[in-house]
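Single-structure report; data block below.
The values are calculated or read from the model by the stated rules, or taken from the named source; none is laboratory data. Source: prediction; values computed, not measured. In this analysis, Cβ positions are derived from the backbone assuming ideal geometry, glycine residues included, and neighbour counts consider all displayed protein chains.
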Amino acid sequence: AVFPGTQGGPLMNQIAGKAQAFFEASQPAFKEYAQTVIDNAKVMVHTFHSNGIQMSTNGTDSHIILIHTGDKT
């Protein structure tokens with residue numbers, strides 16, 4: 001294979017995009033936003049559980065919620 005020696009090179013738009021994303025993720029406001037998203041997911045899990053909706057897990061530690069959609073047992 002000759003890549004990246006003779007056929008490839010750095011894609012400056014991707015480098016700039018990653019630099020901007022890392023800069024934004026390093027800001028205190030982003031950390032607050034991320035924590036708010038997680039807190040809201042936990043409230044949603046509690047609300048679903050309180051209304052009898054079965055969860056596939058016992059809660060969430062992230063923004064992901066997994067609702068059981070199979071047969072009721």
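For the reader, a short list of remarks on this structure follows.
- Selection count, segment 16-35, where residues are exposed (fewer than 10 other Cβ atoms within 10 Å of the Cβ) and either outside any helix (DSSP H, G or I) or at pLDDT below 95 (or both): 1
- Search result, residues across segment 36-73 that are part of a helix (DSSP H, G or I) and of a type in the set (Val, Ile, Thr): 36, 37, 38, 43, 45, 47
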